[in-house]
1. Restricting to helices (runs of 4 or more DSSP H) lying wholly in the range A:190-295: which have 1 or more residues that are within 11 Å of chain B (Cβ to nearest Cβ) and over 20 Å from the mean Cα position of the chain (by Cα)?
2. Considering only the range A:195-219, state which residues are surrounded by 20 or more Cβ atoms within 10 Å (Cβ to Cβ) and within 26 Å of B:Pro127 (Cβ to Cβ).
3. Out of the range B:142-163, which residues are farther than 19 Å from A:Ala259 by Cβ and among the charged types (D, E, K, R)?
4. Of all residues in the range B:138-182, which are surrounded by 15 or more Cβ atoms within 10 Å (Cβ to Cβ) and small (Gly, Ala, Ser)?
5. Cβ contacts < 8 Å: first residue closer than 13 Å to B:Tyr48 by Cα and more than 7 Å from chain A (Cβ to nearest Cβ), restricted to the range B:280-297; second residue basic (Lys, Arg) and surrounded by fewer than 18 Cβ atoms within 10 Å (Cβ to Cβ), any location; separation 6+ or different chain. Result?
6. Taking the range A:165-189, which residues are in a helix (DSSP H, G or I) and over 23 Å from A:Val130 (Cα atoms)?
7. Is it fair to say B:Lys118 is touching a helix residue (DSSP H, G or I) at 6+ places or on another chain (Cβ under 7 Å) and more than 24 Å from B:Asp275 (Cα to Cα)?
8. Quick one: which helices (runs of 4 or more DSSP H) lie wholly within the range A:57-159 and hold at least 3 residues that are away from every other protein chain (no Cβ under 12 Å), under 20 Å from the mean Cα position of the chain (by Cα) and surrounded by fewer than 18 Cβ atoms within 10 Å (Cβ to Cβ)?
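The values are calculated or read from the model by the stated rules, or taken from the named source; none is laboratory data. The model shown is predicted, which means the values in this text are computed figures rather than measured ones. Cβ coordinates were reconstructed from backbone atoms using ideal geometry, including for glycine residues, and neighbour counts include every protein chain displayed.
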Amino acid sequence: MSTVIDRPVTVSTVDAPRPKVRERKRWGLTVVGVIVALVFLFPYVIMLVGAFKTRQEILKIPPTYLPHNWAPENFVNMWGTPETPLPWNLYSTVVISLGGTVLALVAALPAAYYTARHSFRLKVPFMLLVIITQMLQPTVLASGLFREFVTLEINDTRLAMILVNAAFNLSFAVWIMHSFFASVPKEIEEAAWLDGCSRGQSLRRVMLPLVWPGIVTAIIFTFIACWNEFAASLILLPTDTNQPLTVALTRFIGQYESAWQYVFAVSIIGILPVVALFALIERHLVSGLTAGGVK
Amino acid sequence: MALPIADPQPRTRTLKRRARRQTTLQALPWLAPALVLIFGVVVFPVGYMIYTSFRDLSRFGKDRGWAGLDNYDRLFGIEHLPKVMTNTVIWVIGVVALSIGLGLVLAQFLNKRFPGRKVLRMVIIVPWAASVVMTSTVFVYGLDPYYGILNRFLVDIGLLDTPFGFLKNATPGFLSAMAVAVFVSVPFTTFVFLAGLQTVPHDVLEAAQIDGASRVQTYWRVVFPMLRGALVVATIINVINVFNSLPILKTMTGAIPGYDADTTTTLMFKIIQNDRQIDTASALSVINFIVVVVVIGIYLRVVRPMRED
């Protein structure tokens, strides 16, 4: 429907040229859509263009819109600058993101399955704890986390950030997978048991294909959240080789001298993969993020 | 699923009875990994943070013993604290209100059918998926009065006479950061409202139409009341996110001397990083934590997310 309110059918049978009017109106909306798209994309266009400017050109006064000399070598040179050990930063981001995702999933999967399939006395308190955790962020607990990891002597290690990322993204993973498990009727699983499937077989052959989208959503969302994490890494990882890309990026921005071309080149490689992944799970995100608040 | 089901009734009943007998003890192995993580890395740090806020810590983290309320005294003695708290209120209310308003409009727009709608949905998720630090640094560069490309653009289209140093002073810097915060909050907000709009049944809209309601009336009297749930959820989740937001202000106004463009969250990070006073920072964190807990409490009361289980 082109508009929220649709006219009664009887009117449209009388009104012959209406479809044409409607068609034009829809293309009018597309024009508005293009403008909206430009508004949401312009910072990333600036980023992309800036990543291809030379150091001289990006600091030029007045600035140029498009590079006079395209400098794709920024994407090579950024790996060996004095500001930050970028290969290590990428390594850190990847290790922390993969580690955090695996750990969150290993912890969330059994909990999500069990709470969807069984009722037990402390189920409501448990799910409540999950929701409360979802609304807490490492930012507000930074000083507590810092003190804890100093005491445990794992401060300034990637392990600390793997733990933080896993713990604070666990709840989204539990919640989204819980809702997928719960949407599979118990009878389907029981039928598989009756057919002689073991519990493991029924999980693998019957449940897994049905809840797979939920698991993928949990994996991708957790991975992106770990990939973009900033506040806790800033406090917990003082050593430059341990820092992820998000923190390392700020090292290119100095008080007097900034290597913006590298800032943007790093940002491009930091943003492209997560946007692609994000597009895959967009449909399932709202239900998971709002903890079932919007139906 | 075409699986033969041979009289599932008695089996279901025994299963149910068995399920009821499942004790917490049996659930524990399934929940243990999650519980260890939550208690180890979320609950314990909360406790440790509260404890630290009553301790006297050296700049190098050495615990020098009980401090009573000294850290809180020092915190409330900070002369710029009232300004920072006012900023926090403006920051949260301003960013959330604008995000909600723009999100409502954008969701209404995306709920219409037009060529390219799917592409637009994909475009709008970019600021949501992208790292907030990376997004804000573009504005730090773009708003620079000398080499900033946004400044040049604003001059070229005639909105500015000369380039303006948006991020050189606290007030314009803070307002610019608010705009960026709105920019990164709108996508999520829009998608929550889109999910809400999808629950509005079509026949209700038709009925309103037949009853002679104008489009404006239909929106405010029929559609909007049905978005109440989405509105509450979007507001509360945005309040939490915006209140906890560090990267935007850190990158955009962090270089401005003083505390005129700080919120309680960025102030807390300054106390940790610049002053190395983990104890005072913990006291401020406890205050921030109480704010978050109150918001979560409102969420649980109003939304009641557990109602289906």
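1. A:199-202, A:208-228, A:231-236, A:260-289
2. A:Gly214, A:Thr217, A:Ala218, listed by residue number.
3. B:Arg152, B:Asp156, B:Asp161
4. B:Gly142, B:Gly148, B:Ala170, B:Gly173, B:Ser176, B:Ala177, B:Ala179, B:Ala181
5. B:Ala283/B:Arg74
6. Answer for the range A:165-189, where residues must be in a helix (DSSP H, G or I) and over 23 Å from A:Val130 (Cα atoms): A:Lys186, A:Glu187, A:Ile188, A:Glu189.
7. Details: touching a helix residue (DSSP H, G or I) at 6+ places or on another chain (Cβ under 7 Å): no; more than 24 Å from B:Asp275 (Cα to Cα): yes.
When the stated conditions are applied, B:Lys118 does not pass them.
8. The qualifying helices (runs of 4 or more DSSP H) are A:86-117.
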